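Working notes for the structure below.
Nothing in this text is a laboratory measurement; each read-out follows from the coordinates by a stated rule. In this text the structure is predicted, and so the values were computed from the model without any measurement. Here the Cβ is made from the backbone with ideal geometry for all residues, glycine too, and neighbour counts use every protein chain on show.
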Amino acid sequence: MPTNLTDAELVHACRSGQRWAWEALVERYQRLVYAIPLRAGLTPDEAADVFQVVFLRLVESLDALREPQALGKWLIITAKRESWKALRKRPAETETLDDALVEPFDGLHDHPDEELWLDQVMVQEALAQIGERCQQLLRLLYLDQAHPSYEDISRQMKIPPGSIGPTRARCLEKLRQVLKRMGMMG
């Protein structure tokens, strides 16, 4: 199953009935789509239902999708809408349903923090696609709160300190290519 295809290429292959393309799209976005309802406060079972509905909506909308290169954003918007619907179906446990829905969706409304959250989720998705060794190195270099030195990274990863820079460059290029396929980079 080719994983280096762009979303637009995968959508085109899906439209022509290629099963492998559908599997690749689901694999690429499954964690993202599942994370949105969980973040909204839904249970894992409810999130699984939302996940299924989102991909059903994609099947139904595949031919009408105007911007296949922006599939990630379409999936996020659809997952947010379906999460909202799932929350509205819950029995009112507080004084008003609207009050109960405000808090879980604080992070999902359109504001600058949402774009940051979306970017973080997409980068996490991309990291998951570049291989364990690259993931480990990039996490140590950029995400580790302890800010380990090259010597610490060298010991932890069992690689010479002089190879960290070139390895980092290769890993960042892999990450850039994945983000490009996901429509985050031009």
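Tabulated results
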item	result
J(HN,Hα) series, the stretch 141-148, from Karplus relation 6.51 cos²θ - 1.76 cosθ + 1.60, nearest Hz, glycine and proline x	6, 10, 10, 6, 5, 7, 6, x
Hz values of 3J(HN,Hα) by residue in the stretch 166-172 - Karplus curve (6.51, -1.76, 1.60), Gly and Pro given as x	x, 5, 4, 4, 5, 5, 5
The stretch 1-76: trypsin sites (Lys or Arg not before Pro) in DSSP loop, at most 12 other beta carbons within 10 Å	66
Per DSSP, loop trypsin sites (Lys or Arg not before Pro) in the stretch 133-186 with at most 11 further Cβ within 10 Å	158
Exposure proxy order (Cβ contacts within 10 Å, fewest to most) of 34, 29	34, 29
Paramagnetic label zone (point 7 Å from Cα along Cα-to-C-beta, residue 52; backbone N under 14 Å) in the stretch 1-34	none
